[in-house]
Amino acid sequence: MSRRALTEQLPRFVGYRLAYEGIVKPPLPINLTLSVTNLCNSRCRTCDIWCIYPAEKERLAEELTVDELERIFQSIGSVYFFNVSGGEPFLRPDVVEIVRLACLHLKPGVIHIPTNALMPAKIEARVTEMLEGFDRWGSPGVKLTIKPSFDGVGADHDRIRGTPGNYEKLLDTIGRLKRLKQRFPRLGVGVGTVVSSFNVDRLADTIAQARRFQVDTYISEVAEERMEMRNFGREITPAAERYRTAIRLLQEETFRRLGEANGLELVTQGIRHFYYDLTTRWLQHRKQILPCYAGISNVHISAYGEVWPCAILADSRSMGNLKEQGYDFRAIWHSPRADEVRSGIKARQCDCPLANQAYANVLMSPGALAQVGGVILRAKMSHAGQRLRGATARLRPAVSGLSGESRR
């Protein structure tokens, strides 16, 4: 987040804190996730969202249209983070138009799109259209990040994703996106791993391969049961000790990156490093570790127009349906039902490790931010020490040579 953007958004953070305490009505969210479709061509072992339309084909026609989405965007106003989710977002034929309308009305600073990477050519074409359109759409400073899913190396990835040949298409997609980045520096290319009981013991191999990809970011989040994904009772979440052992390698990687990072990446990497500790604690205790600002700082809109505080609670705690409220987001956001949902979250009636929300919760917690600052300081000192030792090692032969000359 730029200094200007941070200054503009700071009053919202103050408002979120006051809203959590029930003193004021919540400001509009800074982070919006939109499920553009529930269509999905993966068959993941950790998610059953792909089962929706084989079972409920008639519901596809109920997904929000472009015209409906424009009315919703107009009623929300500006957000900083706009996450395009699914299903598989690139299966939506008008995904570029949705992004254009988001730029026009939401004016985001960051647009983030995950993908299963099963359609390399289509993904490249749609991302190119977006990148070429940003200046025309009045969004010259927006950052676009694309994150293909990466759950294992080779056959392991295909097994977990339930689609033979997915790994080769992942490699193709990453290559296309990296070449596209050479033309459009605003593009961020990353990969993301869902750490589950199916891959936790092979995470070291996955992390090593992620390094070889040489992408901008590599992130992970733990597999959890979500109403959105219809995956309850699947035993996909790894045990705490297995996760702690596996994630240590990823924390070493984020610690190393912290030493070299600056600006927004420095803060992001610091929070990410802390998030892995939060997740371990959640796995151990299964309770809210930090006060949760879901439904205050962040919001999720389903493909059918339901306003959720998060993807974990989904329809079980919907604040209302936008179609039923004339597409007026603010009417739902400030409704008694929304207040009731927030009260339940504040009362810790739920708990989860959802990464998107956890990052916002860290930003809203002075104690957590202090711990993030401590990690950043240690990483910077470690990096400086390594550079100093390297410089000393390079100088040692020259000093030895000078000493020899003086003795002669």
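The values are calculated or read from the model by the stated rules, or taken from the named source; none is laboratory data. What you are looking at is a predicted structure, and each value in this text was computed from that prediction instead of being measured. Positions of Cβ are backbone-derived with ideal geometry, glycine not excepted, and every protein chain shown enters the neighbour counts. For accessibility, only protein heavy atoms count, side chains too; no ligands or nucleic acids. Shrake-Rupley method; radii C 1.70, N 1.55, O 1.52, S 1.80 Å.
Contact map, the stretch 151-166: residues that are more than 20 Å from residue 222 (Cα to Cα) paired with residues that are part of a helix (DSSP H, G or I), Cβ distance under 8 Å, separation 6+ or inter-chain. Pairs shown: 154/167; 155/167; 164/158; 165/158; 166/157; 166/158. In this structure, is residue 259 modelled with pLDDT under 90, more than 18 Å from the chain's Cα centre (by Cα), farther than 20 Å from residue 153 by Cβ and not in a loop (DSSP other than H, G, I, E, B)? Yes: the conditions hold for residue 259. Evaluating residue 25 against the criteria (1) under 30 Å from residue 166 (Cα atoms); (2) open to solvent by 60 Å² or more (accessible area, probe 1.4 Å); (3) not hydrophobic (A, V, I, L, M, F, W, C) leaves one unmet condition, (1). Within the stretch 26-52, if we keep just the residues that are without any contact (Cβ under 8 Å) to a residue 60 or more places away in the chain and in a loop (DSSP other than H, G, I, E, B), the residue that is farthest from residue 98 (Cα to Cα) turns out to be 27.
Can you confirm whether residue 322 is buried (at least 23 other Cβ atoms within 10 Å of the Cβ), within 22 Å of residue 81 (Cβ to Cβ) and at pLDDT below 95? Steps first, answer last, please.
Values: buried (at least 23 other Cβ atoms within 10 Å of the Cβ): yes; within 22 Å of residue 81 (Cβ to Cβ): yes; at pLDDT below 95: no.
For residue 322, the condition - buried (at least 23 other Cβ atoms within 10 Å of the Cβ), within 22 Å of residue 81 (Cβ to Cβ) and at pLDDT below 95 - is not met.
Taking the condition outside any strand (DSSP E or B), surrounded by fewer than 21 Cβ atoms within 10 Å (Cβ to Cβ) and at pLDDT below 95, does residue 175 pass?
No.
What about residue 272, is it open to solvent by 10 Å² or more (accessible area, probe 1.4 Å), within 22 Å of residue 115 (Cβ to Cβ) and modelled with pLDDT of 90 or more? The answer is yes for residue 272.
Filter the stretch 191-230 down to the residues that are assigned to a loop (DSSP other than H, G, I, E, B) and among the basic types (Lys, Arg), then identify the one that is least open to solvent (accessible area, probe 1.4 Å). Break it down into steps so the answer makes sense when it comes.
Step one: of the stretch 191-230, the residues assigned to a loop (DSSP other than H, G, I, E, B) are 196-199, 214-216, 223-230.
Okay, now just the ones that are also among the basic types (Lys, Arg), so 226, 230.
Working: 226: 27, 230: 102 Å².
Ranking the candidates gives 226 first.
Taking the stated definitions as given, is residue 146 in contact (Cβ under 8 Å) with a residue 12 or more places away in the chain and in a helix (DSSP H, G or I)? No; evaluated as a whole, the condition is false for this residue. Can you find, within the stretch 64-96, the residue that is modelled with the lowest pLDDT among those that are open to solvent by 40 Å² or more (accessible area, probe 1.4 Å) and in a loop (DSSP other than H, G, I, E, B)? It comes out as 78.
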